[in-house]
Amino acid sequence: MEQPDLDEVEKLIAQRTTGLRAGVADIRGSFRNRAFANMNPGNAGLPTAPNTGSVIIVGGALINVLGSGIFQASANFTVTGATPTDTLVVDVASQTNTSLALSVAGVKVGPGNNSSLAPLQNAGAYTSNAGAGISVTSSGPIAIAQYGTGTYVFGTGASTATFGWEGVIMNSVLATAETPFTRGNQVFLYVSMNLSGGTLVFQSFSISLVELP
Amino acid sequence: MLQPDRDEVEKLIAERISGIRVGASNLGGSFRNRAFANINPGNAGLPTAPSTGAEIIVGCALVNVLGSGIFQASVNYTITGATPTDTVITYVSTQATAALNGMTLSAAAVKVGPGYAGAGATNGAYTSNAAAGIVVTGGSTPEVQYGSGTYVFGTGASTATFGWSDVIMSNNVSTSETPFTRGNQVLLSLALNLSGGTVVFQSFGISLVELP
């Protein structure tokens, strides 16, 4: 009877599980790596709509890149109070760098999976009530517009705009091959708006960023 | 001291990793199986809006079914330049083939985003600038996953923003999971029917991700 010694048993186990270990290692980085928030009428965290006629970041999601560098993302909002001929431009964009710092106007309103390594411990969802919105003070490369509406013009009798978007994002909107955000960096996905004026009110706002395997 | 023989050791290993192997096998199929693109003003890949009064596929995502056959999907677009009483009908549909890499897209389809694929496969995200849009060969009868009905532009409204995301399967009637068949190819398409005029795409996004 063949009686393998311990080394032989270890070798057999290693042979049978090698592929699985590699797969699990790849998944581990992306596992539960997400930031998100959902805010509705009456929630303190709803952003304030800008009316300065310039592009302002009203909310975003910040996370660390731990695995694939490819993310499932969404952004949704409803604003009311527009009058005819008011205009609205909406962009959903991303920025990335080794670390990203948000201005104090960015108030955390939703959870985010943090790294144990400083300074990558500010992951989460953020909104702003400041007139100037959120600024990214350590932004890296030029922001990538992942989605843009162009100029939306409110028509006669239309006072409400509802925006809903979901997509899969990477660190390029031009490449035809997967171009991940760099593992170890941070990514900030945000909604920026340019309102022509008037007094608009957010009824709801939500954002999510989930790293795919 | 207990000294298991090799058969016993093999049995022990099999017991310990049995569930993992099944899980990993299922996951392995779906793992990173996706196609997507996000295109914005100024990007070359934006589709051209049809104005022929016929339903035309302006963009799509193509992947093989490798795992669960259930997909997270999204389609988004914004068009501007419509005039009052212009109409637009939007369809998000799926087609499937009975083989891997079995679908062919007409030459009008330009690849604008990545897709998980084996050697020689055509998976990815596509848009079209042709008046007739993208013509699909080898696919099944389209299954409408979402339809807007007829949207009529009102006075002063020149913009339509469309956003949709959901989980899809090969049947939109069944009350139990009805996966796309593993080993087939699936196309998620956006088809538009615009009444006329000169409408311009400001942005277009599409994604198709196989769930575990």
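The values are calculated or read from the model by the stated rules, or taken from the named source; none is laboratory data. From a predicted model like this one, the values you see are computed outputs, not experimental measurements. Note: ideal-geometry Cβ built from the backbone for every residue, glycine included; neighbour counts use all protein chains shown.
Given A:141, A:213, A:119, which one is surrounded by 17 or more Cβ atoms within 10 Å (Cβ to Cβ), part of a loop (DSSP other than H, G, I, E, B) and at pLDDT below 90?
Numbers: A:141 fails: surrounded by 17 or more Cβ atoms within 10 Å (Cβ to Cβ); A:119 fails: surrounded by 17 or more Cβ atoms within 10 Å (Cβ to Cβ).
None of the other options fit; the residue is A:213.
Name the one entry in A:159, A:196, A:206 that is of a type in the set (Ser, Thr, Tyr) and touching a Phe, Trp or Tyr at 6+ places or on another chain (Cβ under 8 Å).
Details: A:159 fails: touching a Phe, Trp or Tyr at 6+ places or on another chain (Cβ under 8 Å); A:196 fails: touching a Phe, Trp or Tyr at 6+ places or on another chain (Cβ under 8 Å).
Of the residues listed, the single one that is of a type in the set (Ser, Thr, Tyr) and touching a Phe, Trp or Tyr at 6+ places or on another chain (Cβ under 8 Å) is A:206.
Would you point out the residue of segment A:150-188, among those that are closer than 20 Å to residue B:78 by Cα, among the aromatic types (Phe, Trp, Tyr) and under 19 Å from the mean Cα position of the chain (by Cα), that is surrounded by the fewest Cβ atoms within 10 Å (Cβ to Cβ)?
Across segment A:150-188, the extreme among qualifying residues is A:163.
Given the criterion closer than 26 Å to residue A:154 by Cα and away from chain A (no Cβ under 14 Å), identify the matching residue among B:106, B:51, B:93. So that I can check it myself, show each step before the final result.
Values: B:106 fails: closer than 26 Å to residue A:154 by Cα; B:93 fails: closer than 26 Å to residue A:154 by Cα.
Going through B:106, B:51, B:93 in turn, just one is closer than 26 Å to residue A:154 by Cα and away from chain A (no Cβ under 14 Å): B:51.
Suppose we filter B:127, B:80, B:122 for residues that are within 30 Å of residue B:182 (Cβ to Cβ), modelled with pLDDT under 90 and surrounded by 15 or more Cβ atoms within 10 Å (Cβ to Cβ); which single one remains?
Values: B:127 fails: modelled with pLDDT under 90; B:80 fails: within 30 Å of residue B:182 (Cβ to Cβ).
Testing whether each residue is within 30 Å of residue B:182 (Cβ to Cβ), modelled with pLDDT under 90 and surrounded by 15 or more Cβ atoms within 10 Å (Cβ to Cβ) leaves just B:122.
Please give the number of the condition residue B:183 fails out of (1) assigned to a loop (DSSP other than H, G, I, E, B); (2) in contact with a Leu (Cβ under 8 Å, 6 or more places away or on another chain); (3) within 9 Å of chain A (Cβ to nearest Cβ).
If we test residue B:183 against (1) assigned to a loop (DSSP other than H, G, I, E, B); (2) in contact with a Leu (Cβ under 8 Å, 6 or more places away or on another chain); (3) within 9 Å of chain A (Cβ to nearest Cβ), just (3) comes out false.
Got a sec? Which of B:173, B:144 is in contact with a strand residue (DSSP E or B) (Cβ under 6 Å, 6 or more places away or on another chain), farther than 24 Å from residue A:147 by Cα and loosely packed, with under 15 Cβ neighbours inside 10 Å? Full working, then the answer.
Details: B:173 fails: in contact with a strand residue (DSSP E or B) (Cβ under 6 Å, 6 or more places away or on another chain).
Of the residues listed, the single one that is in contact with a strand residue (DSSP E or B) (Cβ under 6 Å, 6 or more places away or on another chain), farther than 24 Å from residue A:147 by Cα and loosely packed, with under 15 Cβ neighbours inside 10 Å is B:144.
Which residues, taken from segment B:150-171, are of a type outside the set (Phe, Trp, Tyr) and under 20 Å from residue B:61 (Cα atoms)? Can you show your working first?
Just the residues of segment B:150-171 that are of a type outside the set (Phe, Trp, Tyr), to begin with: B:150, B:152, B:154-161, B:163, B:165-171.
The answer is B:161, B:163, B:165, B:166, B:167, B:168, B:169, B:170, B:171.
From the list A:160, A:182, A:149, which one is more than 7 Å from every other protein chain (Cβ to nearest Cβ), more than 22 Å from residue B:116 (Cβ to Cβ) and of a type outside the set (A, V, I, L, M, F, W, C)? Step through it out loud before you land on a result.
Numbers: A:182 fails: more than 22 Å from residue B:116 (Cβ to Cβ); A:149 fails: more than 7 Å from every other protein chain (Cβ to nearest Cβ).
So the residue among A:160, A:182, A:149 that is more than 7 Å from every other protein chain (Cβ to nearest Cβ), more than 22 Å from residue B:116 (Cβ to Cβ) and of a type outside the set (A, V, I, L, M, F, W, C) is A:160.
I'd like the full set of residues that are surrounded by fewer than 22 Cβ atoms within 10 Å (Cβ to Cβ) and within 23 Å of residue B:206 (Cα to Cα), limited to segment A:69-87.
A:72, A:74, A:76, A:78
Where residues in segment A:163-179 are touching a Pro at 6+ places or on another chain (Cβ under 9 Å) and within 21 Å of residue A:36 (Cα to Cα), which of them is farthest from the other protein chains (Cβ to nearest Cβ)?
Initially, segment A:163-179 is screened for residues touching a Pro at 6+ places or on another chain (Cβ under 9 Å), giving A:170-171, A:175-179.
Then drop every residue that is not within 21 Å of residue A:36 (Cα to Cα), which leaves A:170-171.
Numbers: A:170: 8, A:171: 11 Å.
Taking the candidates together, the pick is A:171.
Looking at segment A:154-213, which of its residues are over 16 Å from residue B:40 (Cα atoms), free of Cβ contacts under 8 Å to residues at least 60 places away in the same chain and of a type in the set (S, T, N, Q)?
Hit for segment A:154-213 is A:179, nothing else.
In segment B:60-72, is there at least one residue being within 19 Å of residue A:152 (Cα to Cα), under 13 Å from the mean Cα position of the chain (by Cα) and in a strand (DSSP E or B)? It would help to see each step written out before you state the result.
Looking only at segment B:60-72, we keep the residues that are within 19 Å of residue A:152 (Cα to Cα), and these are none.
No - not one qualifying residue is present in segment B:60-72.
Scan segment A:189-206 for residues that are surrounded by 22 or more Cβ atoms within 10 Å (Cβ to Cβ) and modelled with pLDDT under 90 and jot them down.
Selection gives A:195, A:200.
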